[in-house]
1. Of Gln109, Ala294, Ile27, which is farthest on the positive side of the dipole of the range 10-357, counting Cα position, with +1 on Lys and Arg Cβ, -1 on Asp and Glu Cβ, and the Cα centre as origin?
2. For the range 10-357, give the magnitude of the charge dipole about the Cα centre (Cβ charges: +1 Lys/Arg, -1 Asp/Glu; no others), in debye to the nearest 20.
3. Can you list the chymotrypsin sites (Phe, Trp or Tyr not before Pro) in the range 141-249 that are in a DSSP coil and have 15 or fewer other beta carbons within 10 angstrom?
4. Assuming a ≥ b ≥ c are the square roots of the Cα gyration tensor eigenvalues, decide whether the range 258-309 counts as rounded (a/c under 1.5), prolate (otherwise, with a/b larger than b/c) or oblate.
5. Is the shape of the chain best called rounded, prolate or oblate, per the rule: a/c under 1.5 gives rounded, else a/b larger than b/c gives prolate, else oblate, with a ≥ b ≥ c the square roots of the Cα gyration tensor eigenvalues?
6. Based solely on its DSSP helices, what 222 nm [θ] is calculated for the chain when runs of n ≥ 4 H residues each add -39,500 (n - 2.57) and the sum is averaged over all residues, nearest 500 deg cm²/dmol?
7. What are the DSSP H helices in the chain that stretch 27 Å or more along their long axis, judged by alpha-carbon atoms, and whose average Kyte-Doolittle hydropathy comes to at least -0.5?
8. With springs connecting C-alpha atoms under 10 Å apart, model the chain as a Gaussian network and identify which of Ser332, Ser209, Ser74 has the largest mean-square fluctuation.
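Just so it is clear, none of the values below were taken in a lab; they were calculated from the coordinates. Just so it is clear, the structure is predicted and the values come from calculations on it, not from any experiment. Positions of Cβ are generated from backbone atoms using ideal geometry, with glycine treated the same way; all protein chains shown enter the neighbour counts.
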Amino acid sequence: MSTDPNLNTDLLYQPITLGAVRLDNRIAVAPMTRTSAHPDGRATDEMARYYERFAEGGFALLITEGTYPDEAWSQGYLDQPGIANDEQAAAWRPVVERVHGAGARIVMQLMHAGAQTQGNRFKTDTVGPSAVAPRGEQLGIYRGSGPFPTPRAMSAQEIREVIALFSRAAERARDAGFDGVEVHGANGYLLDQFLTDYMNVRTDDYGGSTGNRVRLAAEVCAAVRRAVGPDFVVGVRVSQGKVSDYTYKWAGREDDARIIFGALAQAGVDYIHTTEHHASEPAWEGGQSLAHYAKQFGGGVPVMANGGLGSPKIAVRLLESGCADLVSIGKSALANRAWPKQVRERRPLENFDAQLLQPLANVKDVEL
Ligand SMILES: Cc1cc2nc3c(=O)[nH]c(=O)nc-3n(C[C@H](O)[C@H](O)[C@H](O)COP(=O)(O)O)c2cc1C
């Protein structure tokens, strides 16, 4: 695929500020779990080189793979990196330094897998909002198979602990040199489990109404913001679909969007990252895109859109529409580590080859 020579791509290359951090352009690498850390969750040299290549390729912002924040129930996959202790934090330093050295910024995605875990070396059981198993099956590319186990419902005390553990992990990320953190509130992981009506049948302040179901994500964002101070970027990722239930829609549609994006913006985030299969398509029949609602109800917080934006034309159109301020690119970035430079210089783009993630999703193509 080559970029249409008549497409004006200038908008992609406008600088933008998220919180206190200035980005050279509006193109980010989407968070992608590659399960390539040491078994104890420390980042490797290979990972440092993997991330550095995106920075060299012109992405202004890299969002790391989902990283677990605690030594309890948050790990989702074997060989996933963590930020749960000082050793793991120290191992991220060279990653950050190499990315900064190549001129990009890097934000760590903090991810608590909750009931959607398929590999946790700290625990054998799983937790979630309620004793309801995620739909669908575990992912083979992350060594999973078969249905998810039914989790144990978290207690009020455990909810308080999760909020505190996210905050401590964010502080560790800040101290390791990261430019920010992204709270993973999407794709069926713990915070999205709380948001999801069929996963959350709690009768306390964290269940029932949409306002109650988004409470945990909003409290995590607010606590992280308080912990790290104003100069460190705090973002949040939101989706309807889940890793194992990708057609799920918010039952309250636009009303839900108003409550959810409103609560997250109120929590003091610097950006909202929406992800859908196709970012520019309606979030539900007769509706607008999810990014549109994030913009409409997010109180002016910058919106990053994700999903199928590897096509430069679609990415530019979305920015032009005003629904999104930035785009993040996943699979097309794996196929084109220098996507921003390739597009700007009108060099051809490779199609993503799913074989790259087979038989496992680990990094295989990095030369040290
Ligand atoms: C290998 C792989 C791993 C992923 N891991 C994560 C993750 O850790 N956190 C997350 O929020 N999304 C994750 N995603 C979803 C991507 O961030 C993105 O939403 C998805 O690939 C759609 O965007 P795209 O069409 O640009 O690829 C992953 C996607 C892929 C392909």
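1. Final value for the positive-end residue is Ile27.
2. It works out to roughly 420 debye.
3. Sparse-neighbourhood loop chymotrypsin sites (Phe, Trp or Tyr not before Pro): Tyr198, Tyr246.
4. Here the range 258-309 falls in the oblate category.
5. Rounded, because the longest to shortest axis ratio a/c is under 1.5.
6. The helix-only estimate for the chain comes to -9500 deg cm²/dmol at 222 nm.
7. Flagged H segments are 156-175.
8. Maximum fluctuation in the GNM of the chain, among the listed residues, is at Ser209.
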